[in-house]
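First comes the structure, then the notes that go with it.
The values are calculated or read from the model by the stated rules, or taken from the named source; none is laboratory data. Please read all numbers here as calculations on a predicted model, not as lab measurements. No Cβ is skipped: glycine too gets one built from the backbone with ideal geometry, and neighbour counts run over all protein chains shown. Only protein heavy atoms, including side chains, enter the accessible area calculation; ligands, DNA and RNA are left aside. Shrake-Rupley method; radii C 1.70, N 1.55, O 1.52, S 1.80 Å.
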Amino acid sequence: MKFGEMQQSARHYINGRWETGTTTGTSENPSDTREVVAEYARADRNQTELAIRAAADALPHWSHSTPQRRADVLDQIGNEILARKDELGMLLAREEGKTLPEGIGEVARAGQIFKFFAGEALRIPGETMASVRPGIQVDVTREPVGVVGIIAPWNFPFAIPAWKIAPALAYGNTVVFKPAELVPTCGWALAEIISRCGLPAGVFNLVMGSGREVGQTLVDHPLVNALSFTGSMATGERILQSAAARRAKVQLEMGGKNPLVVLADADLDQAIECAVQGSYFSTGQRCTASSRLIVEEPVHDAFVARLRNRLAGLKVGHALERGIDIGPVVDRGQLEQNQSYLDIARNEGAEHVWGGELLERPTPGHYMSPALFLARPEHRVAREEIFGPIACVLRADDYEHALALANDTPFGLCAGICTTSLKHATHFRRHAEVGMTMVNLPTAGVDFHVPFGGRKGSSYGSREQGRYAAEFYTTVKTGYVLA
Ligand code: NAD
């Protein structure tokens, strides 16, 4: 099947069968809103419960499957995703609006994640310890946590589901996956590949639909043992309260307001590239985007002038057009939110440096130019996650001031610094209150085999990705034997 260019009809995958929904929805191409990417099935509470029951019924068998079987399944999924990365990347670009190279890159990453966890399925860790008592043996083993509800956002519609589904299956769990409403076709395309890899019925299920109905049913259902969520802070808070009330295991990856510090001794060309890539590529729709550029006084004006020039040269356009730097905003709602922040910034007294205009292109889409402001730390544009191609520059007196500004946020996902000083880079790595640090690199752009996640308001629960994913997708059992 070729998913890249045609309109699709996306159905749920429940208990090993493709099912129509109780209603249908459509997803559209943000680069050309005349184009319907797919008509997709939408589930209600009852249909979601069917998927949850199927996952619960499949659990006893799958949780005792051999590591080799799980490894083979995950490897097969990874191989197919990698073999079809161009076509699936095109689907991603059409539905989410990333540029085609970004879409292909994300799909390739999803394939690599499945292959990584194919290896991890063979390396499920355990420990044997000497008992403190005579004649007793102790061991610590890991078992699957159970039925996992996976709730994903729209901005990485292949990679984020991959980094949740792959470890869930690798460690012997069963899955009910709900993609975001704006990108159901990407979720369905992933499910279509998973459906052909030899998993027993019910081990993996896809249900599409609203967060309020499908998502909330997953969150509240007593048969769902663990919930892995990526999305906004507001939704994450609600999920945490409901999950805690019934003591479900929960992992939340939420927003960011990530700082990129630029010190006076930085290589300014490199710093500009870090800012452009980290703040504006993928239309700024990344939780790791550097939406706060904290620049030390001596290079502040030069940095702003050069960044402004660089922004003026960026090409915004249809995600499939060759040579485009930035695709459209994902939908009208997000575009309106971005535009409202431009007004908020101006009204609060932030100085507008560049961009933010709505753009006309040959196809009707949600296009805006990348925007830059000079802000003060108390401005909302410097405090709140916007999730669009809008960044602000904050002026720092010196390194200590820059570090304080970097940490002055309720978020704590990622922080970057551009400097040639080993001393400052080392100090920053130690004292940035985040889950990930970058030196002379954009804040966005991470490896797939090491932990991903943050602190403070950005994350809750154990880390995702790499072997640290075992923490969430397994539960530990301590065994004692009289020898
Ligand atoms: P969102 O919170 O609106 O939705 C995320 C998912 O939650 C969707 O599938 C949605 O349908 C579902 N949902 C909504 N209400 C629900 C409810 N009551 N119960 C259960 N599920 C519900 O977020 P979004 O707009 O899709 O994504 C953008 C956000 O995601 C941004 O804030 C961004 O920072 C964040 N994000 C974070 C990371 C990270 O790893 N930290 C990565 C990507 C995106």
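Determine, yes or no, whether G146 is surrounded by 15 or more Cβ atoms within 10 Å (Cβ to Cβ), modelled with pLDDT of 95 or more and at positive phi. Yes: the conditions hold for G146. Counting only helices (runs of 4 or more DSSP H) wholly contained in the range 282-394, the ones carrying 1 or more residues that are without any contact (Cβ under 8 Å) to a residue 12 or more places away in the chain occupy 297-312, 332-348.
In the range 261-281, which residues are closer than 19 Å to A396 by Cβ and either assigned to a helix (DSSP H, G or I) or small (G, A, S) (or both)? Step through it out loud before you land on a result.
We begin by selecting, within the range 261-281, every residue closer than 19 Å to A396 by Cβ; these are 261-268, 270-272, 274-275, 278-279.
If the condition is that a residue be closer than 19 Å to A396 by Cβ and either assigned to a helix (DSSP H, G or I) or small (G, A, S) (or both), then A264, A266, L268, Q270, A271, I272, C274, A275, G278, S279 are the ones that fit.
Would a scan of the range 438-455 turn up a residue that is under 21 Å from the mean Cα position of the chain (by Cα), of a type in the set (V, I, T) and either open to solvent by 10 Å² or more (accessible area, probe 1.4 Å) or on the phi > 0 side of the Ramachandran plot (or both)? Looking through the range 438-455, at least one residue is under 21 Å from the mean Cα position of the chain (by Cα), of a type in the set (V, I, T) and either open to solvent by 10 Å² or more (accessible area, probe 1.4 Å) or on the phi > 0 side of the Ramachandran plot (or both). Residues of the range 103-115 that are surrounded by fewer than 23 Cβ atoms within 10 Å (Cβ to Cβ) and over 13 Å from R84 (Cα atoms): K115 alone. Among the residues of the range 203-260, the ones that are of a type in the set (S, T, N, Q), assigned to a helix (DSSP H, G or I) and open to solvent by 10 Å² or more (accessible area, probe 1.4 Å) come to 4 in all.
To keep it simple, each residue is scored yes or no on (1) out of contact with any strand residue (DSSP E or B) (no Cβ under 9 Å at 6 or more places or on another chain); (2) crowded, with 18+ Cβ neighbours inside 10 Å; (3) basic (K, R).
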residue	(1), (2), (3)
E297	no, no, no
G333	yes, no, no
G349	yes, no, no
L374	no, yes, no
A391	no, yes, no
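Restricting to the range 244-286, give me the number of residues that are of a type in the set (K, R) and within 14 Å of the ligand (Cβ to nearest atom). Here the count works out to 3.
Which ones in the range 333-374 are closer than 21 Å to E95 by Cα, aliphatic (A, V, I, L, M) and more than 24 Å from the chain's Cα centre (by Cα)? Scanning the range 333-374 gives L358, L359.
Only one of V147, V140 is touching a Ser or Thr at 6+ places or on another chain (Cβ under 7 Å), within 16 Å of the ligand (Cβ to nearest atom) and of a type in the set (A, V, I, L, M). Can you tell me which? Please lay out each step first, then the result.
Values: V140 fails: within 16 Å of the ligand (Cβ to nearest atom).
Answer to the check: V147.
One residue stands out among those in the range 166-183 that are within 14 Å of the ligand (Cβ to nearest atom) and not basic (K, R): the one that is nearest to L223 (Cα to Cα), which is V176.
Quick check: is even one residue across the range 188-210 in contact with a strand residue (DSSP E or B) (Cβ under 8 Å, 6 or more places away or on another chain), modelled with pLDDT of 95 or more, near the ligand (Cβ under 9 Å from one of its atoms) and over 27 Å from G445 (Cα atoms)? There is at least one residue in the range 188-210 that is in contact with a strand residue (DSSP E or B) (Cβ under 8 Å, 6 or more places away or on another chain), modelled with pLDDT of 95 or more, near the ligand (Cβ under 9 Å from one of its atoms) and over 27 Å from G445 (Cα atoms).
Does L372 satisfy the criteria of being on the phi < 0 side of the Ramachandran plot, aliphatic (A, V, I, L, M), modelled with pLDDT of 95 or more and within 13 Å of the ligand (Cβ to nearest atom)? Here the answer is no, as L372 does not meet what is asked.
Only one of the numbered conditions (1) out of contact with any Asp or Glu (no Cβ under 6 Å at 6 or more places or on another chain); (2) within 15 Å of the ligand (Cβ to nearest atom); (3) closer than 18 Å to P451 by Cα; (4) open to solvent by less than 10 Å² (accessible area, probe 1.4 Å) is violated by A159, and that is (1). Might you check whether a residue that is surrounded by fewer than 20 Cβ atoms within 10 Å (Cβ to Cβ), touching a Lys or Arg at 6+ places or on another chain (Cβ under 8 Å) and part of a helix (DSSP H, G or I) occurs anywhere in the range 56-77? Among the residues of the range 56-77, at least one is surrounded by fewer than 20 Cβ atoms within 10 Å (Cβ to Cβ), touching a Lys or Arg at 6+ places or on another chain (Cβ under 8 Å) and part of a helix (DSSP H, G or I), which makes the answer yes.
Step by step: first the residues of the range 411-437, then only those that are open to solvent by 70 Å² or more (accessible area, probe 1.4 Å) and in a loop (DSSP other than H, G, I, E, B), then the one that is farthest from E385 (Cα to Cα). Which residue is that? That would be T420.
Residues of the range 183-202 that are surrounded by fewer than 22 Cβ atoms within 10 Å (Cβ to Cβ) and either closer than 30 Å to H366 by Cα or polar (S, T, N, Q) (or both): E192, S195.
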